[in-house]
Amino acid sequence: MQKILVACLLVWLAVAFQQKAFAQQTKEKELTVFAAASLNEAFKAIADAYESTNPSEKIAFNFAGSQQLVQQIAEGSPVDVFASANIKQMNEAVKSGRIDSASIRVFVRNRLVVVFPKENSAGIHSLRELSKSHLKIVLADKAVPVGQYALEFLEKCNRSAAFDSSFKQKVLDNVVSYEENVKVVLSKVMLDEADAGIVYTSDISMNAGERVGTLEIPEALNVIATYPIAVVRNAPLHEQAEKFVRYVVSDEGQNILGRFGFIPIK
Amino acid sequence: MKKMSNVPIKESGSLLRPRWQILLASLPLVLFLLIPLAGLILRVSPSNVMSTIMQPQVVQAIRLSVTTTVITVLLTLFFGTPVAYTLARKKFVGRTMLDALIDMPVVLPPSVAGVALLIAFGRRGFLSPLFGGLEIPFTETAVVLAQLFVASPFYIKSAAAGFASVNRELEHAAAVDGASRLQIFRTIILPLSLPAIVGGVVMTWARALGEFGATIIFAGNYPGRTQTMPLAIYIGFEIDLNIALVLALILLVISFFVLAVVKGILGQRLTVF
């Protein structure tokens, strides 16, 4: 009997201690930023630059498909800033009541590009060849911003005189998997498990670009991805959040984004 | 006459019933398991279930999950039983290694298993040159392989424990009576280890049913072809919470039903699980 009581006491102590540790952690100035997967490298570089000029402030990231982040936000996850890869997911976040539409601003743009494995054993040399049979194409799920943009691009191709009106359908027939974020699409192409995929130009701007082949999408057919950012309503570190957002849209922030293949808004 | 210490006479007849302190101590974890499940059931409205269950994506996910898990279980039985038997009966050099190997898929994070499967069976995999270019990823086969990898160890371990627990004396007696090895296995070892075997099958089936990480990496996510229920729930969660909830509920109901039936047949032999 005594042993049971001691065990209960120990468990209670452990839980209480954990609570205290957690409380202390949130008191430290760690800004929580939820950002679209495509912003991974660029935002980390921005954080490095920001932290070097603001040594007392730290930034913690959660990178995932924007649709996944919105779900977490809607369910009450503690977060200060949300950067989405499309306006649709930002609106979903507004609908959940955690973001004021007034606090949203567009901070960068992006474009699509077709990638294929370096070996290119499927022999893809033009956009039109994406519809040829027995190809294995990987796209992001339509709930993911880049997946939605890819569908829009295919629609544009259908309406263009240079393509067959059934181009989009043929391409979709070639899709073997719908992934949860853009980085997984890129990985599967890099691993040569898929013959082609559609990702952002920012995804191929750094090392990854040397490990895959790319097919440019002409301006007329390409889709401009618009990235909004917003400080979350009642953010725990409101001032710091505002400061971070201001940095992202500043010349320095935009420069860094440009270096990583994004299209600055200025 | 020596008095039995620490056993009050009024309790001696009820040693099998747990004391209230034990019940109380059990309560936290039981509630912890019960409340989320109850919450899931309560959050879904019946009308929602009916309207969602008819959607083609939902039907596809259910069909795929059921088909692949059944195949996985059959393959596990066929290929896993010899392994279980080997582990249980023979003492040989490297037996510990085999034992540890069977433990690996359980210890490995599922996504790591997925990457490993891709490296082995992918287009650029080790085995690819042997087969003239494998086309396994992104197929239903890949789904089964992913499930087999992560779930078969449960059966193997359980069956091995079952086989090992059979009294050798019985086998010797049967051998003396002229029974062949196969007869001994069929008539003595198998029936006596049946609870362990069935328990192992259920655990394997359950693990296969819930498999996500290895599946989404190795087999990908395509409705009707590789989008099993866990994948559909995951993606559904990001689009339409209702679909996710209904699928989760269906998964819950199927699992509960199967477990209840199996346990009913086994007649509550709790020690096995």
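Before we move on, is A:SER84 closer than 22 Å to A:LYS183 by Cβ and either in contact (Cβ under 8 Å) with a residue 40 or more places away in the chain or more than 14 Å from chain B (Cβ to nearest Cβ) (or both)? If you could, list the steps in order and put the result at the bottom.
Values: closer than 22 Å to A:LYS183 by Cβ: yes; either in contact (Cβ under 8 Å) with a residue 40 or more places away in the chain or more than 14 Å from chain B (Cβ to nearest Cβ) (or both): yes.
Considered against the rule, which asks whether it is closer than 22 Å to A:LYS183 by Cβ and either in contact (Cβ under 8 Å) with a residue 40 or more places away in the chain or more than 14 Å from chain B (Cβ to nearest Cβ) (or both), A:SER84 comes out as yes.
(1) surrounded by fewer than 22 Cβ atoms within 10 Å (Cβ to Cβ); (2) at pLDDT 90 or above: which one isn't true of A:GLN89, the others all being true?
Unmet for A:GLN89, out of (1) surrounded by fewer than 22 Cβ atoms within 10 Å (Cβ to Cβ); (2) at pLDDT 90 or above: (1).
Of all residues in the range B:105-122, which are under 13 Å from B:LEU145 (Cβ atoms) and among the small types (Gly, Ala, Ser)?
Correct list: B:ALA113, B:GLY114, B:ALA116, B:ALA120, B:GLY122.
Can you find a residue in the range B:145-156 that is part of a helix (DSSP H, G or I), hydrophobic (A, V, I, L, M, F, W, C) and out of contact with any helix residue (DSSP H, G or I) (no Cβ under 9 Å at 6 or more places or on another chain)? Walk me through how you get there before you give the answer.
Of the residues in the range B:145-156, the ones part of a helix (DSSP H, G or I) are B:145-156.
Those still in the list that are hydrophobic (A, V, I, L, M, F, W, C) too: B:145-146, B:148-151, B:154, B:156.
The next check asks that each one be out of contact with any helix residue (DSSP H, G or I) (no Cβ under 9 Å at 6 or more places or on another chain); those that pass are none.
No; the residues of the range B:145-156 include none that is part of a helix (DSSP H, G or I), hydrophobic (A, V, I, L, M, F, W, C) and out of contact with any helix residue (DSSP H, G or I) (no Cβ under 9 Å at 6 or more places or on another chain).
Can you confirm whether the range A:108-129 contains a residue that is at pLDDT 95 or above, touching a Pro at 6+ places or on another chain (Cβ under 8 Å), within 29 Å of A:PRO264 (Cβ to Cβ) and among the aliphatic types (A, V, I, L, M)?
yes
Mind counting the residues in the range B:206-246 that are under 20 Å from the mean Cα position of the chain (by Cα) and among the aromatic types (Phe, Trp, Tyr)?
The total comes to 2.
Quick one: which residue in A:ALA161, A:ALA143 is modelled with pLDDT under 95 and within 14 Å of another protein chain (Cβ to nearest Cβ)? Show your work before the answer.
Details: A:ALA161 fails: within 14 Å of another protein chain (Cβ to nearest Cβ).
Within the list A:ALA161, A:ALA143, the selection yields A:ALA143.
Residue under question is A:VAL70, and the condition is that it be closer than 20 Å to A:SER38 by Cβ and outside the structural domain of A:ASP195 (by TED's automatic domain parsing); does it hold? Don't jump to the end; show me each part of the working.
Details: closer than 20 Å to A:SER38 by Cβ: yes; outside the structural domain of A:ASP195 (by TED's automatic domain parsing): yes.
Yes.
As an exercise: evaluate A:SER177 against (1) within 11 Å of chain B (Cβ to nearest Cβ); (2) within 22 Å of A:LEU39 (Cα to Cα); (3) polar (S, T, N, Q) and give the number of the one condition it does not meet.
If we test A:SER177 against (1) within 11 Å of chain B (Cβ to nearest Cβ); (2) within 22 Å of A:LEU39 (Cα to Cα); (3) polar (S, T, N, Q), just (2) comes out false.
Looking for whichever is over 18 Å from the mean Cα position of the chain (by Cα), within 14 Å of chain B (Cβ to nearest Cβ) and within 30 Å of B:ARG19 (Cβ to Cβ) here; the options are A:LEU13, A:LEU5. Which one fits?
Details: A:LEU13 fails: within 14 Å of chain B (Cβ to nearest Cβ).
Every option except A:LEU5 fails the conditions.
Here is a check on your reading of the model: is A:ARG128 closer than 18 Å to A:ILE217 by Cα, free of Cβ contacts under 8 Å to residues at least 40 places away in the same chain and surrounded by fewer than 21 Cβ atoms within 10 Å (Cβ to Cβ)?
yes
Among the residues of the range A:92-112, write down those that are buried (at least 16 other Cβ atoms within 10 Å of the Cβ) and within 14 Å of chain B (Cβ to nearest Cβ).
Passing the criteria: A:GLU92, A:ALA93.
Does any residue of the range B:79-92 turn out to be exposed (fewer than 10 other Cβ atoms within 10 Å of the Cβ), within 26 Å of B:VAL143 (Cβ to Cβ), out of contact with any strand residue (DSSP E or B) (no Cβ under 8 Å at 6 or more places or on another chain) and of a type outside the set (A, V, I, L, M)?
no
Can you name the residue in the range B:197-225 that is crowded, with 23+ Cβ neighbours inside 10 Å and in contact with a strand residue (DSSP E or B) (Cβ under 7 Å, 6 or more places away or on another chain) and, of all such residues, is nearest to the other protein chains (Cβ to nearest Cβ)?
Applying the filter and picking the extreme gives B:GLY220.
Take A:PHE82 and decide whether it is surrounded by fewer than 23 Cβ atoms within 10 Å (Cβ to Cβ) and not assigned by TED's automatic domain parsing to the domain that holds A:ALA143. It would help to see each step written out before you state the result.
Values: surrounded by fewer than 23 Cβ atoms within 10 Å (Cβ to Cβ): no; not assigned by TED's automatic domain parsing to the domain that holds A:ALA143: yes.
Against the criterion (surrounded by fewer than 23 Cβ atoms within 10 Å (Cβ to Cβ) and not assigned by TED's automatic domain parsing to the domain that holds A:ALA143), A:PHE82 does not qualify.
Being among the acidic types (Asp, Glu) and closer than 19 Å to A:LEU31 by Cα is the filter here; which residues of the range A:76-99 pass it?
A:ASP80
Could we say that A:PRO218 is on the phi < 0 side of the Ramachandran plot and assigned to a loop (DSSP other than H, G, I, E, B) here? If you could, list the steps in order and put the result at the bottom.
Numbers: on the phi < 0 side of the Ramachandran plot: yes; assigned to a loop (DSSP other than H, G, I, E, B): yes.
So A:PRO218 fits the description; yes.
The values are calculated or read from the model by the stated rules, or taken from the named source; none is laboratory data. In this text, all values refer to a predicted model and were calculated from it rather than measured experimentally. With ideal geometry, Cβ positions are generated from the backbone for all residues, glycine too; neighbour counts draw on all protein chains shown.
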